[in-house]
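What follows is a single structure, written as structure tokens, with notes after it.
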Amino acid sequence: MNSSDKQKGVSPIDHSVRPPVVAVVGHIDHGKSTLLDYIRHSNTTDKEAGGITQHLSAYEVEHTGAAGGVGRKITFLDTPGHEAFRAMRLRGLEVADVAVLVVSAEDGAKPQTLEALKLIDETHIPYIVAFTKIDKPGSDIEKAKMSLLENGIYLEGLGGEVPFVAVSGKTGEGVPELLDLILLAAELEGLSADPELPGTGLVIEAHMDNKRGNTATLIVQNGSINSGEYVVSGSSMAPVRIMENHIGKQIKEAFPGSPIQIVGFSSLPAAGAPWRVVESKKEAENAVTLARNTPGAMVEKAPDQEEPRATLPVVIKTDFAGTGDAVLHELQKLQAEMASEAGKQIDIKVVSRGVGPISEGDIRFAGSGQNPGVVVGFNVKVEREAQELSTQQGVAVATFDIIYKLTEWLHDEIDKRRPRENTEEKTGTAKILKVFSTTRGKVVLGGKVESGELTEGAQVKIMRRDLELGTGEIVSLQTQKAATKVVAAGNEFGAMIKTTVEPAAGDYLESFAIVFK
């Protein structure tokens, strides 16, 4: 609102009715991004690595309802569907007023559909079910409805009150009706805000722009934000000099419900953290100093906790701050999986987590412990000096643009480094029938293999009843007067054994192998 509007007491837009913020959630590959592409008339799906959304993105659209009149703004949050991005979905739902649960009309309810519903229930916001892909030959909406009913999602007309609409992200069928339902749900919530208050909201994502510096995407939940003010979030602050809307256009002010991008933070604010506006640099600096001097909660190890058998230092570097949550989630899953397997215990310790390219400092962090660690990057590059240093320090480095590929690599790297136990495995048993000679630490004997097999070069125990006389090594084997490498069960053989003990007829040879598990 400009000064002339204030003097006349006129507002061209009614900002007291806050536009709704809508989180779009659902199972991976159920059409969330394609639906949003149609709504905002863009095409981000083809640009997403692996065809899946791996960032939390915000978009603003304007929709005129079926009854006509003035267009209403809606802010959409596109959330990743992959299981690893749970923290992003929760963050999107926490800031949202309404959720759209996307369900493929081909597949019905899937694991992440139910997980998304659980998160919706936790945040206590209304939601709408959007059945997507109705243009596909395999679409069966009635079957998809039944799959929801079987999982406790009761739609309107099927014993419940959850509204639904069938849509196609390709043709646009049903999209106007979906937007109408969203605005109706928002009206029933009675959303309101006061644009005269200092702006407040949540950080939904943050990243380091190589050309412009620390950048964060914010949602304005109440109040307004104007050029010349300062934004404070925890121990981070930024002057409002470069403020852009969802399409990257620079703006001077932003009102409730709007997604904005602020450039120039002193450090990256935490994804999901609250932010607020202050008028002066001094106020911002005082707030940041207070946040830095406020001690965080310390997590203490339980007194009875067993010391880990090995520690693997891990450095995580991502393009966006929130993406680090997904990588951390995958690490925690791997830790839990290996903790349940005997001999696979390893303590995965994240020694550093940040945004931007992998640097020499990251390699030094990972290589500073007793055991060289790993550095994993997501949608970032590795600086040349860092690559050279990683080779010198034995630190494994890899970057990915698809989360499940990253998970596979981490699993392999962790498995390489986990503690292994030396285990003896019996490979064969043979009865000694005759000892031919014993000279200078070598014994020539004959026998018969009773189980398993004997192989040249194998280690053997020489047993007399239950007593182990000593050990030896099979130097050579013969069967039917011909040299051989292996003698199977049921066959007689001649062998030269390197050993310091003197076996006798009736003793046994037990061959064994050392296996690392």
Checked against the positive end of the charge dipole of segment 200-290 (+1 on Cβ of Lys and Arg, -1 on Cβ of Asp and Glu, about the Cα centre), the farthest of I260, I219, I242 is I242
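Computed FRET efficiency, Cβ-Cβ of W409 and R292, R0 30 Å: what is it to the nearest 0.05?
Values: r = 36 Å, r/R0 = 1.19.
Calculated value: 0.25.
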As I understand it, the dipole of segment 370-472 uses +1 on the Cβ of Lys and Arg and -1 on the Cβ of Asp and Glu, about the Cα centre. Which of T455, I414, P372 lies farthest toward its positive end?
T455
Which of the lysines could a cross-linker span from K434 if the Cα-Cα distance has to be under 20 Å and same-chain partners fewer than 8 positions apart are dropped?
K442, K448, K461, K481, K498
Backbone N under 14 Å from the K442 label point (7 Å along Cα→Cβ), restricted to segment 473-489
473-478
Within segment 477-506, which residues have the backbone N less than 19 Å from the label spot 7 Å out from R465 along Cα→beta-carbon, could you tell me?
502-506
Where nothing but the Cβ of Lys and Arg (+1) and of Asp and Glu (-1) is charged, how large is the charge dipole of segment 397-497 around its Cα centre, in debye to the nearest 20?
680
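Rank these for me by crowding, R440, R464, R72, R212, going from fewest to most other beta carbons within 10 Å. Provide the component values of the computation, followed by the final result.
Working: R440 5, R464 14, R72 18, R212 11.
In increasing order of surrounding Cβ atoms, one gets R440, R212, R464, R72.
If the chain between I251 and K211 were fully stretched, how many nm would it gain, using 0.36 nm times the residue separation less the Cα-Cα distance? Please report the intermediate quantities before stating the final value.
Working: separation 40, 0.36 × 40 = 14.40 nm, distance 1.95 nm.
12.4 nm is the gain from fully extending I251 to K211.
Values quoted throughout were computed directly from the atomic coordinates according to the rules given, and no laboratory measurement underlies them. Since this is a predicted model, take the numbers as computed values, not measurements. Because the Cβ atoms are built from the backbone with ideal geometry, glycine has one as well, and the counts that use them run over all protein chains shown.
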